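The values are calculated or read from the model by the stated rules, or taken from the named source; none is laboratory data. Quick caveat, the model's predicted, so the values are computed rather than measured. Heads up, the Cβs are rebuilt from the backbone with ideal geometry, glycines too, and the neighbour counts pull from every protein chain shown.
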Amino acid sequence: MSKNLKIFLGISYLLILFGFLYFIFTSIQINRLDDFSYYKELQSQLDIYISENMLINLLYFFIFSIIWVALLGFGAPILIFSGILFGKWYGTIISVISISIGALLLYSIGNFFFRDLIKRILEKRFNKYIHLFQKNELYYFFIYRFIGGLGVPFGLQNLIPILFGMKKTNYFISSFFGFIPGFFIINTIGAGLNSYIKQAETFSVLKLILTPDIYFPIIMFAALMIISLLIKKKFFDNGN
C-alpha cells in the first residue's frame, strides 16, 4: 500500500473518530445531568427498549462497543452501561468479548498507520517494561491487563504492544482473560446502580453507597486494587 493511501486512510480514521465522539456527546442532555428524574426517565425508557428484543440489543451493543473502543473510547463507561442495560452476567460476557475485539482492532489500526508515531511518543516512557513483555508477551500482557494497565489510560493501554510487536493471537487471549475480573466488578456496579435508580425517589450518595448491590462490588474492587498493586510491585516495579 502506498504512503499516500496510508495517510489518506489514517486521516479518514481520525475524522471518523472525532465525528463519532461528537455525535455521542451531543446526544446527551448536559443541562439535565444534575437532575435525578432525568436518570429515572432514561432508566425506564432503556429498560422497556432493551426488554423488547434482548438479542438484537445485545448485537447493537456488541457492535457499538467494538467501534467505541477502536475509536479510542474510554473503557469504564462501556462497562457501567453494559451492567445497567444487561445486568452483571450478560453485561460482563458482552463487554469482555466486544472490548477485546475492539482493542485488537485498535491495535491493528495503530500498528498499521501510526506505528512510528506511537513508538516515538511512548517508547521512552515504557522502555523499562518492554523487555518483560518480550520475555513472555502472553503471560506478562495478561498480568498487565489484570492489574488495570499500570494506570495508563485505556486507549493507550491498547496501543502499547505496538512497541514490542505483539502477536495478535496473544494480544486477544491475554486481553480477554485479563479483562474478566475487573469487568465483572464494574458491570456489577452498573447493575447495582440501575437497581438503585429504579427504586429510589431521590438521589443520596450515602444511600447509594450503603446499597448491597453497590458496596459489595466496591469492596471487591478495592480487594482487586490491592492485589493489583502487589502484582505490579512484584513483576513491574522490580523489573523481574
Single residue of the range 45-94 satisfying the filter (small (Gly, Ala, Ser), part of a helix (DSSP H, G or I) and in contact (Cβ under 8 Å) with a residue 40 or more places away in the chain) that is nearest to Ile16 (Cα to Cα): Gly75
Count of residues meeting criterion [under 23 Å from Ile109 (Cβ atoms) and small (Gly, Ala, Ser)] in the range 36-76: 5
Those residues of the range 76-125 which are surrounded by 14 or more Cβ atoms within 10 Å (Cβ to Cβ) and acidic (Asp, Glu), in sequence order: Glu123
Meets criteria (in contact (Cβ under 8 Å) with a residue 60 or more places away in the chain, within 30 Å of Tyr215 (Cα to Cα), of a type in the set (D, E, K, R) and surrounded by fewer than 19 Cβ atoms within 10 Å (Cβ to Cβ)) for Lys198: yes
Some residue of the range 143-158 being farther than 19 Å from Ser228 by Cβ, of a type in the set (Lys, Arg) and in a helix (DSSP H, G or I): no
Selection within the range 97-127 - part of a helix (DSSP H, G or I) and acidic (Asp, Glu): Asp116
Matching residues, the range 211-240, being outside any helix (DSSP H, G or I) and at pLDDT 80 or above: Thr211
Only one of Gly149, Gly190 that is closer than 26 Å to Ser100 by Cβ, modelled with pLDDT under 85 and buried (at least 17 other Cβ atoms within 10 Å of the Cβ): Gly149
Leading residue by the ranking (surrounded by the fewest Cβ atoms within 10 Å (Cβ to Cβ)) among those in the range 210-240 that are more than 30 Å from His131 (Cα to Cα) and either touching a residue at least 60 places away in the same chain (Cβ under 8 Å) or under 23 Å from the mean Cα position of the chain (by Cα) (or both): Ile219
Odd one out for Ile160, checked against (1) of a type in the set (Val, Ile, Thr); (2) more than 18 Å from Leu105 (Cα to Cα); (3) crowded, with 23+ Cβ neighbours inside 10 Å: (2)
